[in-house]
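*Asks:* I have a structure I would like to understand better, so I am pasting it below and will then ask my questions one at a time.
The values are calculated or read from the model by the stated rules, or taken from the named source; none is laboratory data. Nothing here was measured: the structure is a model prediction, and the numbers come from that model. Positions of Cβ are generated from backbone atoms using ideal geometry, with glycine treated the same way; all protein chains shown enter the neighbour counts.
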Amino acid sequence: MNFDDTPQEAEFRSSVRHWIDDNAPKYLLPYLEKASFATMDLGDYNANDESKAWRKKKFDAGWACLSWPQEYGGVGASPIERVIWQQEEGHYAALGGLFTIGEGMCGPTVMSYASEGQKKRYLPKLAAGEEVWCQLFSEPGSGSDLAGLRTKAERDGDDWVINGQKIWTSGAHHSDYGMLITRTDPSVAKHQGLTMFFLSMKSPGVEIRPIKQANGQSGFNEVYFTDVRIPDAQRLGEVGNGWSVSLTTLMNERLSIGGSMPTGFPEMLALVKSLQTGEGLAIKDKAVRDKLADWHCRTSGLKYTSSRMISALSRGETPGPEASIGKLVAGSMMQDMSMVALDLQDLSGILVDPELAELSARFQAMLLRSPATRVEGGTDEILRNIIAERVLGLPGDIRADKGMAFSDIPTGR
Amino acid sequence: MNFDDTPQEAEFRSSVRHWIDDNAPKYLLPYLEKASFATMDLGDYNANDESKAWRKKKFDAGWACLSWPQEYGGVGASPIERVIWQQEEGHYAALGGLFTIGEGMCGPTVMSYASEGQKKRYLPKLAAGEEVWCQLFSEPGSGSDLAGLRTKAERDGDDWVINGQKIWTSGAHHSDYGMLITRTDPSVAKHQGLTMFFLSMKSPGVEIRPIKQANGQSGFNEVYFTDVRIPDAQRLGEVGNGWSVSLTTLMNERLSIGGSMPTGFPEMLALVKSLQTGEGLAIKDKAVRDKLADWHCRTSGLKYTSSRMISALSRGETPGPEASIGKLVAGSMMQDMSMVALDLQDLSGILVDPELAELSARFQAMLLRSPATRVEGGTDEILRNIIAERVLGLPGDIRADKGMAFSDIPTGR
Amino acid sequence: MNFEFSEDQVLLKNQIRRALDDHCRSADVRQILESDSPHDSQLWRVLCEMGVQGTAIDDSLGGAGAGYLELCVVAEELGRALAPVPFSSSIFLAVEALKVAANNEQKLALLPGLASGEKIGTLAAWEINGPLQPDTIAMRWEEGVLNGRKILVPDGDVADVAIVIARDDEGLSLFAVDLTDSGVTRETLETIDPSRNFSTLTFNAVAGQRLGDAGDGWNLLEQVLNRAAVLVAFEQIGGAQRALEMATDYAQERYAFGRPIGSFQAVKHMLADMYVDLELARSNCYYGAWALSTDADELPLAAATARVSATQAFQHCSKNNIQTHGGMGFTWEFDCHLFYRRSNLLAVLLGGQSVWKDRLVSQLESSDAA
Amino acid sequence: MNFEFSEDQVLLKNQIRRALDDHCRSADVRQILESDSPHDSQLWRVLCEMGVQGTAIDDSLGGAGAGYLELCVVAEELGRALAPVPFSSSIFLAVEALKVAANNEQKLALLPGLASGEKIGTLAAWEINGPLQPDTIAMRWEEGVLNGRKILVPDGDVADVAIVIARDDEGLSLFAVDLTDSGVTRETLETIDPSRNFSTLTFNAVAGQRLGDAGDGWNLLEQVLNRAAVLVAFEQIGGAQRALEMATDYAQERYAFGRPIGSFQAVKHMLADMYVDLELARSNCYYGAWALSTDADELPLAAATARVSATQAFQHCSKNNIQTHGGMGFTWEFDCHLFYRRSNLLAVLLGGQSVWKDRLVSQLESSDAA
């Protein structure tokens, strides 16, 4: 048991480290160090341009989409090498947000289901960051129950005609292409009537509207489809087979481990080490120490759980659904911690002006952002189901819509 | 808004107080004050004898089964008068444990379903404590799902023949009569094939075995029925109507409010006011204060929730399923508190010898007893269902066994 | 025992709720949240016309002469509607401070204006980030004027009168200050809940009058905070109740997997736990109301208990109301965040929960009931 | 990165599990729980024959010469089986104290007996109810003998050798004591988990030998406790893992309402939360094992982290294992209570959680990593 690289891994790490040291946009580091909780502010620099420039540089040097085959823009690296890359990239990884979905979810799906010509056409540009991809899955009426989606695709000659609405599409407004799951047959059971496509986000009839979030920011979009035409050649997988295609996509998410889930603990520790309460430093307060110990244990537990998963990757194994615990633990913890952090600041806990509030109002931002963490990419409840069913092997819940034609499933309002 | 009695209530309270002061077995008080968490130790006095003697005295003076009609041994008092009686009875109420089930559940059911002759025969003796009753409902295979019970009753002439097993029958070994729910028809849906009886616990074929509990005590029994014969005249309600009869019984439980649910908080406060930790009195420790404030809020909340329910009784209303929160809150709280109490005692927290452990080992007893509180009379999970469905009006869960004949319902092992 | 509000009090509650249903819809709250307006002056006028501000003020001082129980009922409804008006600042803080500390002449001069709602009052206490304690107060009273700076003054931008705690050689005292004085400078603060106004007030030789005995300021302030704690706790359970209702309604209407999400135990039990916390807090609030209305010795304990449990209940209900709504709960468009913001604002309004827990346990320490 | 146990270590684990499956069934644990026997001497002999006691003791001292990672593996299996033997007292406490404090001669004299299991050791530290602190230790060392009383000595009734902390004019030191000395009186204590033995030891002029430097006793004891904390944490996750498995199995087999109770979200999510706590604790334990096996500077932090999170995980899993079993879980007949008892015993064995949390935060305070 050790934290050491194998000789091969050490060599890889060393070359990555040197290249990053020579090539990274160091002038952005002061901004990137402050980026956390899904916000990145590069001051006068344009975030999109800087993200694409760094991506292109990595691509040219062979560091983008590391695990992809060479012919599609990668270098065929092992999963553990990808993890090492992520570890070494450090703060610069925040520049990769624009490409996460494309690399992690769209690319692998295109690789599995598109024609050879399409793969050669789209994947290298995706890898190079020249074309940005998004994923059009969730709908207003189907979140946790993704297969309950209603966006309709109807065959018309060589094309499909799309009508409907998607939601929570991150980066839609920056994207060139999108991967879209639709319902092509409402008369069969809900998982059986789905079909997957990809399309240009510039297609006529596609309208993108930013969603204003509860915390006042806008990282997501609604995307409306009105008689949008997609050629049948851009179908991914068979008609009616969209659910299995989407599972490929979602399973690839799992491989995105190794990056550490932010928990806010380092910020909390910094706060209580510097904050004066009425009776001295906050960290000297036994009630604070009691909670701090709990949060440290959870943070440390997540960190070494991640080490265990990386070890599995290093041995060539694929980590299982255990990875679900990261967000489940971190989401509630961030919310709890931010409430305690505000409480310790007493009445001044309400201040959101970074000039006036403790730690540049980090905890106020965390308070307002953390409810989303408990929902996005699988709610706490869905994650517990996954752990119970796929890790512990407990039986599934009773399915009210089992075997029903989609059009017969009760939908409430 | 006030805590005052109406003039009528005040008069009633005063007469109760005087009578108790003149008649209560004061020599038992030192023992009764220490009774808590379902244990009562009267030293050299015989608990059964003393309980029955106090009961008889109350009966003779007209204070037993207060709310029952006079002809069945009561005095037709109002529910609020019953509450006042309970409040005034104080520590002596611990002597009533033997009769709780009889008065609260069996009596009212007999009153609703038995013949006039039976009522006159059984109820006054029950009220006087001359005959003790128990309730034979739960089975090893049906706890939360009471209607899944399997004890069989088969018609044979004027009798029914009973075979099966009941469990968690409290006081069975002290009881003269029992109220028994059985399955008379397994070919219909589970709620429809049940029938209720009462029987003498001395009937041939009834075997009572005490259950040794996880905490080493034995307050409950298993009761085995082997070809036990019950005359059809001792049937309560129609054949197949046992489920509604049982609901009458269980609903009467709800009226038993007003007595306060023990939470262990006063004991906890006493502990931290006297316990020296390494750094002074435990109550000076901020981590202790933090938790203590939470527990006080919950205890106080329960106390005044009970006041609100008593107010409703006083106005002549019937309290609803809100009463479920008492045990739900108190059960987990007792378990949490006892773990913290042991922790504060550090290694000596493991001691169970009352001579050596803090507060006469109260918290060690609470630790070992509290898991039962979270289960008996409705698990935490069932109580949350009740609150969600009956108070908040949320829809029921999907019923896997809906409409199935009982004999077709899957039962696992 | 009669531990419920009376029929008349329930009628009052319904009357306030109807008025707020008409004049304090979520669109009205958002209007303040999204604009620079410090409060909803139209709603304030509606409340004036109904005489709500004067509920618990003697009729000889221009009030309605009802009692604290009635004021608790009002507070719950204002909390439920997230009313973006300076009610708590003016009525729970300034008026209560005058009741506790002012002499008859001062009461006659100041209370009628606050009772009618013509004037708005507030309390200016905090001077530094962190818990309020005697030694954090530096504002000076010298030769009849105040000099110094108070931060985080609730409704500081709209108040006409402030009750200020400041020190002179005799220690801390309370003072009443006319904020229209030219020596007053106001600076608006940005907070997690812009539907309520907070600002910094700087006093440069501002005239004032002392309330109560010199040197008795901290003691008087604690009494004010205890009273306000009960009233704000009712605002909190009002908000919590509404958040629970929103969550319950949504759980019944929203379908997933072919059934209402409220039929899943995970959602059901989350809502049951919210209900339990709220009921316990409500019962504690009733006890606080009783203690406030009877000026009982237990008020400090009852107030701290009501405040801590109502704070927890509102935070619990508002955060899990978002969770029940899933992604939709995190949109600006849905009202969930309004309650979440308010719950976290009220959680520290009179000082944080840890401060109140400490006060609570101090009461338990000194009580004999072990 | 290789943050897992090696194949050989997993083989060892399986071997130990098989032996315990045969020789430490729940009936064997109950045999100790229900009788006056202080431990299962037959199981102890089986472990002796396998050489388990000597796992992490040098072969020159009669051990197997394997390392701490192997000992962690052993600890997890012993915890899983609730082994009623003095393993932790003898190996995690006494042996580690000798490793930390004894000179070569003392090691040669004492370790081989403990390594073979022929002798049983323990640690005698606590003298009063409450946390162990330097000023709670009154036992005197004078003229080569010890006088005083140690309470709550684990396996005090069966130990042959005790490591004792006591004071003379130079402060606190550790001493090794032969408990067969006629000046030793033993009194058995009743505890929440009678499957483990505890007793009070009274020393009346009992001879001993000093271990380590005079006055260095407290420092040495802290090192011993940190090492033992990691090892006991493995016992705890072993027990927690078994409790979770029991609950999961029962939830699959037990039917209510026509379906396995494990198909209800309330049960499912309870079990998922148990799993999460256990996985986090397991990862922290692995980190503790790494720190112990490499004698890393982070050992005090890693040990406290492993101990706190394993304590919580075992308590959580054992109590909700009962809850999953419902009424049956509260019978003496079902094994649930064995795990519940043990989890609460181990929670305070090396001092309570609040003490360890304080130690943990002290490490965070002194670390620069904020």
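*Asks:* Check every one of the helices (runs of 4 or more DSSP H) wholly within region B:1-90 and list those with 1 or more residues that are β-branched (Val, Ile, Thr).
*Replies:* Values: elements: B:7-23, B:29-32, B:47-61, B:79-89.
Counting at least 1 such residues, we get B:7-23, B:79-89.
*Asks:* Inspect all residues belonging to region D:185-205 and state whether any of them is free of Cβ contacts under 8 Å to residues at least 40 places away in the same chain and farther than 30 Å from D:Phe314 by Cβ. Explain how you work it out, then say what you get.
*Replies:* In the first step, residues of region D:185-205 are kept if they are free of Cβ contacts under 8 Å to residues at least 40 places away in the same chain; the result is D:185-187, D:189-190.
Then keep just the ones that are farther than 30 Å from D:Phe314 by Cβ; that gives D:185.
Yes, that holds for at least one residue.
*Asks:* Still on this model: From A:Ser144, A:Ser175, which residue is within 22 Å of A:Gly377 (Cβ to Cβ) and within 14 Å of chain C (Cβ to nearest Cβ)?
*Replies:* Numbers: A:Ser175 fails: within 14 Å of chain C (Cβ to nearest Cβ).
Of A:Ser144, A:Ser175, the one residue that is within 22 Å of A:Gly377 (Cβ to Cβ) and within 14 Å of chain C (Cβ to nearest Cβ) is A:Ser144.
*Asks:* If you don't mind, another one. Spot the failing condition for C:Gly54; the list is (1) without any contact (Cβ under 8 Å) to a residue 40 or more places away in the chain; (2) closer than 29 Å to C:Leu211 by Cβ, and only one is missed.
*Replies:* Every condition holds for C:Gly54 apart from (1).
*Asks:* A follow-up question, please. What number of residues within region A:245-256 are modelled with pLDDT under 65 and either of a type in the set (A, V, I, L, M) or surrounded by fewer than 16 Cβ atoms within 10 Å (Cβ to Cβ) (or both)? Please lay out each step first, then the result.
*Replies:* Filtering region A:245-256 down to residues modelled with pLDDT under 65 leaves A:253-256.
Then keep just the ones that are either of a type in the set (A, V, I, L, M) or surrounded by fewer than 16 Cβ atoms within 10 Å (Cβ to Cβ) (or both); that gives A:255-256.
Here the count works out to 2.
*Asks:* Here's another thing I want to ask about it. Restricting attention to region D:3-37, which residues are under 13 Å from D:Asn197 (Cα atoms) and in contact with a helix residue (DSSP H, G or I) (Cβ under 8 Å, 6 or more places away or on another chain)?
*Replies:* Selection gives D:Val29, D:Leu33, D:Ser37.
*Asks:* Would a scan of region A:96-113 turn up a residue that is of a type in the set (Asp, Glu) and within 17 Å of the chain's Cα centre (by Cα)? Talk me through it step by step, then tell me what you get.
*Replies:* Initially, region A:96-113 is screened for residues of a type in the set (Asp, Glu), giving A:103.
Checking the rest, the ones that are also within 17 Å of the chain's Cα centre (by Cα) come to A:103.
Yes, because at least one residue in region A:96-113 is of a type in the set (Asp, Glu) and within 17 Å of the chain's Cα centre (by Cα).
*Asks:* Might you check whether a residue that is surrounded by fewer than 17 Cβ atoms within 10 Å (Cβ to Cβ) and in contact with a Gly (Cβ under 8 Å, 6 or more places away or on another chain) occurs anywhere in region D:225-244?
*Replies:* Narrowing region D:225-244 to residues surrounded by fewer than 17 Cβ atoms within 10 Å (Cβ to Cβ): none.
No, region D:225-244 has no match at all.
*Asks:* While we're on this one: Suppose we filter region D:293-305 for residues that are buried (at least 20 other Cβ atoms within 10 Å of the Cβ) and more than 10 Å from every other protein chain (Cβ to nearest Cβ); how many remain? Working first, answer last.
*Replies:* First, pick out the residues of region D:293-305 that are buried (at least 20 other Cβ atoms within 10 Å of the Cβ): D:299-305.
Cutting the leftovers down to more than 10 Å from every other protein chain (Cβ to nearest Cβ) gives us D:299-300, D:303.
Final tally of qualifying residues: 3.
*Asks:* From the list A:Ile167, A:Ile162, which residue is in contact with a Pro (Cβ under 6 Å, 6 or more places away or on another chain) and either crowded, with 21+ Cβ neighbours inside 10 Å or farther than 30 Å from A:Ala405 by Cα (or both)?
*Replies:* A:Ile167
*Asks:* Still on this model: In region A:309-413, which helices (runs of 4 or more DSSP H) lie fully inside it and hold 3 or more residues that are crowded, with 21+ Cβ neighbours inside 10 Å and more than 7 Å from every other protein chain (Cβ to nearest Cβ)?
*Replies:* Details: elements: A:325-344, A:362-373, A:380-386.
The qualifying helices (runs of 4 or more DSSP H) are A:325-344, A:362-373.
*Asks:* Among the numbered criteria (1) assigned to a loop (DSSP other than H, G, I, E, B); (2) within 14 Å of another protein chain (Cβ to nearest Cβ), which single criterion is violated by A:Glu222?
*Replies:* The failed condition is (1).
*Asks:* So, in region D:166-210, of the ones that are small (Gly, Ala, Ser) and not in a loop (DSSP other than H, G, I, E, B), which residue ends up farthest from D:Asn103 (Cα to Cα)?
*Replies:* By that ranking, first place goes to D:Ser199.
*Asks:* Kindly check whether there is at least one residue in region A:278-301 that is at pLDDT below 95, surrounded by 19 or more Cβ atoms within 10 Å (Cβ to Cβ) and in contact with a Leu (Cβ under 8 Å, 6 or more places away or on another chain).
*Replies:* No - not one qualifying residue is present in region A:278-301.
Quick grid of which residues meet (1) out of contact with any helix residue (DSSP H, G or I) (no Cβ under 9 Å at 6 or more places or on another chain); (2) closer than 22 Å to B:Arg209 by Cβ; (3) modelled with pLDDT of 95 or more:
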| site | (1), (2), (3) |
| --- | --- |
| B:Gly104 | no, no, no |
| B:Lys119 | no, no, yes |
| B:Pro140 | no, yes, no |
| B:Gln165 | yes, yes, yes |
| B:His174 | no, yes, no |
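*Asks:* Please determine whether any residue of region B:11-29 is touching a residue at least 24 places away in the same chain (Cβ under 8 Å), more than 14 Å from chain C (Cβ to nearest Cβ) and under 21 Å from the mean Cα position of the chain (by Cα).
*Replies:* Within region B:11-29, the subset touching a residue at least 24 places away in the same chain (Cβ under 8 Å) is B:12-13, B:16-17, B:19-20, B:23-25, B:28-29.
Applying the additional criterion that residues be more than 14 Å from chain C (Cβ to nearest Cβ) yields B:16-17, B:19-20, B:23-25, B:28-29.
With the extra rule that they be under 21 Å from the mean Cα position of the chain (by Cα), the set shrinks to none.
Scanning region B:11-29 turns up no residue that is touching a residue at least 24 places away in the same chain (Cβ under 8 Å), more than 14 Å from chain C (Cβ to nearest Cβ) and under 21 Å from the mean Cα position of the chain (by Cα).
*Asks:* If a residue has to be more than 7 Å from chain D (Cβ to nearest Cβ) and in a helix (DSSP H, G or I) to count, how many in region A:283-297 make the cut? Quick ask: steps written out before the conclusion?
*Replies:* Pass one, region A:283-297, residues more than 7 Å from chain D (Cβ to nearest Cβ): A:284-288, A:291, A:294-295.
Adding the requirement that they be in a helix (DSSP H, G or I) leaves A:284, A:286-288, A:291, A:294-295.
Counting residues in region A:283-297 that are more than 7 Å from chain D (Cβ to nearest Cβ) and in a helix (DSSP H, G or I) gives 7.
*Asks:* Please list, ordered by residue number, the helices (runs of 4 or more DSSP H) wholly in region D:266-370 having 2 or more residues that are of a type in the set (Asp, Glu). Full working, then the answer.
*Replies:* Details: elements: D:299-325, D:336-349, D:353-366.
Here the list reads D:353-366.
*Asks:* Right, next: Could you please find all residues in region D:135-147 being closer than 21 Å to D:Leu350 by Cβ and buried (at least 19 other Cβ atoms within 10 Å of the Cβ)?
*Replies:* Step one: of region D:135-147, the residues closer than 21 Å to D:Leu350 by Cβ are D:135-139.
Within region D:135-147, D:Ile137, D:Met139 meet the criteria.
*Asks:* Could you please find all residues in region B:257-277 being part of a loop (DSSP other than H, G, I, E, B) and either at pLDDT 60 or above or in contact with a Lys or Arg (Cβ under 9 Å, 6 or more places away or on another chain) (or both)? Spell out how you get there, then give the answer.
*Replies:* At the first step, the residues of region B:257-277 found to be part of a loop (DSSP other than H, G, I, E, B) are B:257-264, B:275.
Once the filter is applied, which keeps residues that are part of a loop (DSSP other than H, G, I, E, B) and either at pLDDT 60 or above or in contact with a Lys or Arg (Cβ under 9 Å, 6 or more places away or on another chain) (or both), region B:257-277 yields B:Gly258, B:Ser260, B:Met261, B:Pro262, B:Thr263, B:Gly264, B:Leu275.
*Asks:* Also, I was wondering about something else. Please give the helices (runs of 4 or more DSSP H) falling wholly within region D:1-106 in which 3 or more residues are within 17 Å of the chain's Cα centre (by Cα) and within 14 Å of chain A (Cβ to nearest Cβ). Before you say what the answer is, go through the steps one by one.
*Replies:* On the way: elements: D:7-23, D:26-34, D:41-50, D:68-80, D:96-101.
Where helices (runs of 4 or more DSSP H) fall fully within region D:1-106 and carry at least 3 residues being within 17 Å of the chain's Cα centre (by Cα) and within 14 Å of chain A (Cβ to nearest Cβ), they are D:68-80.
*Asks:* May I ask you to say which residue of A:Gln165, A:Gln135 is under 18 Å from the mean Cα position of the chain (by Cα) and either more than 14 Å from every other protein chain (Cβ to nearest Cβ) or not in a helix (DSSP H, G or I) (or both)?
*Replies:* Criteria check complete, one pass: A:Gln135.
*Asks:* Take D:Ala228 and decide whether it is within 7 Å of another protein chain (Cβ to nearest Cβ) and hydrophobic (A, V, I, L, M, F, W, C). Outline the logic, then answer.
*Replies:* Values: within 7 Å of another protein chain (Cβ to nearest Cβ): no; hydrophobic (A, V, I, L, M, F, W, C): yes.
Answer is no for this residue.
*Asks:* Report, ordered by the first and then the second residue, all pairs with beta carbons closer than 6 Å, sequence separation of six or more or different chains, a first member in region B:51-66 that is hydroxyl-bearing (Ser, Thr, Tyr), and a second member that is modelled with pLDDT of 90 or more.
*Replies:* If the second residue must be modelled with pLDDT of 90 or more, the pairs left are B:Ser51/B:Leu95; B:Ser51/B:Leu98.
*Asks:* For region D:252-265, how many residues are crowded, with 24+ Cβ neighbours inside 10 Å and either assigned to a helix (DSSP H, G or I) or at the interface with chain A (Cβ under 7 Å from one of its Cβ atoms) (or both)?
*Replies:* 2
*Asks:* Going residue by residue through region B:226-235, is there one that turns out to be more than 8 Å from chain C (Cβ to nearest Cβ), among the polar types (S, T, N, Q), part of a strand (DSSP E or B) and touching a strand residue (DSSP E or B) at 6+ places or on another chain (Cβ under 6 Å)? Before the answer, list the steps.
*Replies:* If we filter region B:226-235 for residues that are more than 8 Å from chain C (Cβ to nearest Cβ), which is where we start, we get B:226-235.
With the extra rule that they be among the polar types (S, T, N, Q), the set shrinks to B:226, B:234.
Narrowing further to those that are part of a strand (DSSP E or B): B:226.
With touching a strand residue (DSSP E or B) at 6+ places or on another chain (Cβ under 6 Å) added as a condition, the list becomes none.
No; the residues of region B:226-235 include none that is more than 8 Å from chain C (Cβ to nearest Cβ), among the polar types (S, T, N, Q), part of a strand (DSSP E or B) and touching a strand residue (DSSP E or B) at 6+ places or on another chain (Cβ under 6 Å).
*Asks:* Ok, one more. Could you list, in sequence order, the residues of region C:313-353 that are facing chain A (nearest Cβ under 8 Å), among the hydroxyl-bearing types (Ser, Thr, Tyr) and crowded, with 24+ Cβ neighbours inside 10 Å?
*Replies:* Across region C:313-353, the qualifying residue is only C:Tyr340.
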